[in-house]
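Enquirer: Below is the structure I would like to discuss, written out as structure tokens.
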Amino acid sequence: MGYHWKAVRIIRRYFVKEFLKVFFLTLFAFILLFMVVEFFERVDEFSPNNPSAFIVIEYLLLLAPRFAALVSPMACLISVLFVIGTASRWREIIAIKASGGSVKRLAFVFLLIGLFLSIGNFILDETIVPYTNRKAFNIREVVIQKKKPVITYKGNDLWLRGKNGSFINIKTFMPKRDTAYGVSIFLVDRDFNLLGSIEADTAQWNKGQWVLYHARYFDIKDNTVKDYSSLPYPYLESPDIFRSEIKQPEDMNFFELSDYSRRLKEMGMRNPRYSVDLQSKVSYPFVNLVMVIFGVSLALSGPWGGGVKSVGLSLLISLIYWLFYSLCLSFGYGGEIPPIAASWLAPVVFCLIGYSRFRRISE
């Protein structure tokens, strides 16, 4: 009996080693492929400014964490199908069954790896990816394309300088509506002495200029206060600058996006997109485990893995999954289904399919 369990541990270590080796090689290959695609998509933007090779490489390397988080589920599926499929082809699975071993228990180690990879992907997406995304954006826009940065962030608040030198703080900006919420404008002279301030509930782009609504102007010099139902303010940049520089959901971690979504609700705005993206912050990393469950059940229930076949099958399954997942997100963005259903329906369905196939595996 002791010899049997020792053999099982050796076999498990062997499978773990092979899985991780294939996983990291596949992950590296996909990251490299995405880098090449990104380079050729940006080459027309980069070439006029003739950036150094070092800067371009730094930009691409900063995108590597985002690419890793994106393709790790596919790498998980390829690795499972390849390792277990190869073992089946070489009759290793049959040998395990013949010696009295349980392939389901052996498969448990893959599920454990999938769980750890899901947790790791979540941590990566919460800590490193938002930082490297903004750093890469800064290199692309400021260092390579020589654009002058206009917007800075303090938390989720936007800060920028007006054309007249004023300092402008915006709590929330909605790109689709070209509307800013919670606007504070601080008017200063050339020596940065405060002359007055304007507080407005909203600012909306209207016929080529910004108009402040429900605004209150504090004049420090005259010590007066004036209220305006609407007040044109031509010293703020056009909405295009917000659309290009504003943080996207992928540039925020879960807590930043949660805070941003909460602030929108407090302002009486219903935006399903941010609620769906918030749920996706958790559901997307979970796909690593889903793909491992699906891959294990598929590889152990038939001759589906091993060699080039595992790569082709993984790409096909991944394509089907992403189409289904994207369709669910689209319904969620449009408000047809709840955000939690939009983000979790695809992983739950694939997980249930994998589990049902796994239960039918003969020992």
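Enquirer: Evaluate the following for Lys207: is it exposed (fewer than 13 other Cβ atoms within 10 Å of the Cβ), within 29 Å of Ser261 (Cα to Cα) and not acidic (Asp, Glu)? Before you say what the answer is, go through the steps one by one.
Expert: Working: exposed (fewer than 13 other Cβ atoms within 10 Å of the Cβ): yes; within 29 Å of Ser261 (Cα to Cα): yes; not acidic (Asp, Glu): yes.
Criteria met by Lys207.
Enquirer: Which of the residues that make up the stretch 185-230 are touching a Leu at 6+ places or on another chain (Cβ under 8 Å), over 20 Å from Thr172 (Cα atoms) and among the hydrophobic types (A, V, I, L, M, F, W, C)?
Expert: Leu187, Val188, Leu194, Leu195, Ile220
Enquirer: Being surrounded by 17 or more Cβ atoms within 10 Å (Cβ to Cβ) and in a helix (DSSP H, G or I): is that true of Asn133 here? Full working, then the answer.
Expert: On the way: surrounded by 17 or more Cβ atoms within 10 Å (Cβ to Cβ): yes; in a helix (DSSP H, G or I): yes.
Yes; evaluated as a whole, the condition is true for this residue.
Enquirer: Could you say whether any residue in the stretch 172-179 is closer than 30 Å to Pro285 by Cα, crowded, with 17+ Cβ neighbours inside 10 Å, touching a Gly at 6+ places or on another chain (Cβ under 9 Å) and not assigned by TED's automatic domain parsing to the domain that holds Asp44? Walk me through it before giving the result.
Expert: Here is the first cut: in the stretch 172-179, the residues closer than 30 Å to Pro285 by Cα are 172-176.
Keeping just the survivors that are crowded, with 17+ Cβ neighbours inside 10 Å gives 172-174.
From what is left, the residues that are touching a Gly at 6+ places or on another chain (Cβ under 9 Å) are 172.
If we keep only those that are not assigned by TED's automatic domain parsing to the domain that holds Asp44 too, we end up with 172.
Looking for residues that are closer than 30 Å to Pro285 by Cα, crowded, with 17+ Cβ neighbours inside 10 Å, touching a Gly at 6+ places or on another chain (Cβ under 9 Å) and not assigned by TED's automatic domain parsing to the domain that holds Asp44, one finds at least one in the stretch 172-179, hence yes.
Enquirer: Would you check if there is a residue in the stretch 323-346 being under 24 Å from Gly85 (Cα atoms), in a helix (DSSP H, G or I) and either modelled with pLDDT of 85 or more or hydroxyl-bearing (Ser, Thr, Tyr) (or both)?
Expert: Initial filter on the stretch 323-346 (under 24 Å from Gly85 (Cα atoms)): none.
No: the stretch 323-346 contains no residue that is under 24 Å from Gly85 (Cα atoms), in a helix (DSSP H, G or I) and either modelled with pLDDT of 85 or more or hydroxyl-bearing (Ser, Thr, Tyr) (or both).
Enquirer: Just to be sure, is Ser283 modelled with pLDDT under 70, in a helix (DSSP H, G or I), under 20 Å from Arg66 (Cα atoms) and polar (S, T, N, Q)? Before the answer, list the steps.
Expert: Numbers: modelled with pLDDT under 70: no; in a helix (DSSP H, G or I): yes; under 20 Å from Arg66 (Cα atoms): yes; polar (S, T, N, Q): yes.
Against the criterion (modelled with pLDDT under 70, in a helix (DSSP H, G or I), under 20 Å from Arg66 (Cα atoms) and polar (S, T, N, Q)), Ser283 does not qualify.
Enquirer: When the stretch 193-207 is examined, which residues are found to be without any contact (Cβ under 8 Å) to a residue 12 or more places away in the chain and either under 13 Å from Leu236 (Cβ atoms) or within 31 Å of the chain's Cα centre (by Cα) (or both)? Don't jump to the end; show me each part of the working.
Expert: If we filter the stretch 193-207 for residues that are without any contact (Cβ under 8 Å) to a residue 12 or more places away in the chain, which is where we start, we get 193, 206-207.
The one that is without any contact (Cβ under 8 Å) to a residue 12 or more places away in the chain and either under 13 Å from Leu236 (Cβ atoms) or within 31 Å of the chain's Cα centre (by Cα) (or both): Asn206.
Enquirer: Restricting to the stretch 189-214, give me the number of residues that are part of a loop (DSSP other than H, G, I, E, B) and hydroxyl-bearing (Ser, Thr, Tyr). Before the answer, list the steps.
Expert: Our first condition is that a residue be part of a loop (DSSP other than H, G, I, E, B); within the stretch 189-214, this holds for 189-193, 207-208.
Those left that are additionally hydroxyl-bearing (Ser, Thr, Tyr): none.
Total satisfying the criteria: 0.
Enquirer: Out of Lys176, Lys163, Lys247, Lys154, which single residue is under 29 Å from the mean Cα position of the chain (by Cα) and touching a residue at least 60 places away in the same chain (Cβ under 8 Å)?
Expert: Numbers: Lys176 fails: touching a residue at least 60 places away in the same chain (Cβ under 8 Å); Lys163 fails: under 29 Å from the mean Cα position of the chain (by Cα); Lys154 fails: touching a residue at least 60 places away in the same chain (Cβ under 8 Å).
Going through Lys176, Lys163, Lys247, Lys154 in turn, the sole match is Lys247.
Enquirer: Right, next: When you scan the stretch 67-75, do you find a residue that is within 30 Å of Lys146 (Cα to Cα) and either surrounded by fewer than 12 Cβ atoms within 10 Å (Cβ to Cβ) or among the charged types (D, E, K, R) (or both), even just one? Let's see the steps before the verdict.
Expert: Residues of the stretch 67-75 that are within 30 Å of Lys146 (Cα to Cα), as a first pass: 67-70.
Cutting the leftovers down to either surrounded by fewer than 12 Cβ atoms within 10 Å (Cβ to Cβ) or among the charged types (D, E, K, R) (or both) gives us none.
Looking for residues that are within 30 Å of Lys146 (Cα to Cα) and either surrounded by fewer than 12 Cβ atoms within 10 Å (Cβ to Cβ) or among the charged types (D, E, K, R) (or both), one finds none in the stretch 67-75, hence no.
Enquirer: May I pose another question? Sort out for me the helices (runs of 4 or more DSSP H) sitting completely within the stretch 38-126 that have 2 or more residues that are at pLDDT 90 or above.
Expert: Values: elements: 53-62, 64-89, 92-98.
Helices (runs of 4 or more DSSP H) meeting the threshold: 53-62, 64-89.
Enquirer: Give just the number: which of (1) among the aromatic types (Phe, Trp, Tyr); (2) surrounded by 15 or more Cβ atoms within 10 Å (Cβ to Cβ); (3) under 21 Å from Tyr131 (Cβ atoms) does Phe23 not satisfy?
Expert: That leaves (3) as the condition not met.
Enquirer: I've got another one for you. Can you tell me which residue in the stretch 218-243 is modelled with the lowest pLDDT, limited to those that are crowded, with 18+ Cβ neighbours inside 10 Å and either under 13 Å from Ala180 (Cβ atoms) or in contact with a Ser or Thr (Cβ under 8 Å, 6 or more places away or on another chain) (or both)?
Expert: First, pick out the residues of the stretch 218-243 that are crowded, with 18+ Cβ neighbours inside 10 Å: 231, 233, 236, 239, 242.
If we keep only those that are either under 13 Å from Ala180 (Cβ atoms) or in contact with a Ser or Thr (Cβ under 8 Å, 6 or more places away or on another chain) (or both) too, we end up with 233, 236, 239, 242.
Working: Tyr233: 88, Leu236: 82, Pro239: 77, Phe242: 70.
Step by step, filter the stretch 218-243, then rank; the result is Phe242.
Enquirer: From Lys281, Lys207, which residue is in the same structural domain as Leu77 (by TED's automatic domain parsing) and among the basic types (Lys, Arg)?
Expert: On the way: Lys207 fails: in the same structural domain as Leu77 (by TED's automatic domain parsing).
Going through Lys281, Lys207 in turn, the sole match is Lys281.
The values are calculated or read from the model by the stated rules, or taken from the named source; none is laboratory data. Here the structure is a predicted model, which is why all the values come from computation and not from measurement. Ideal geometry is used to build each Cβ from the backbone, glycine not excepted, and the neighbour counts take in all protein chains shown.
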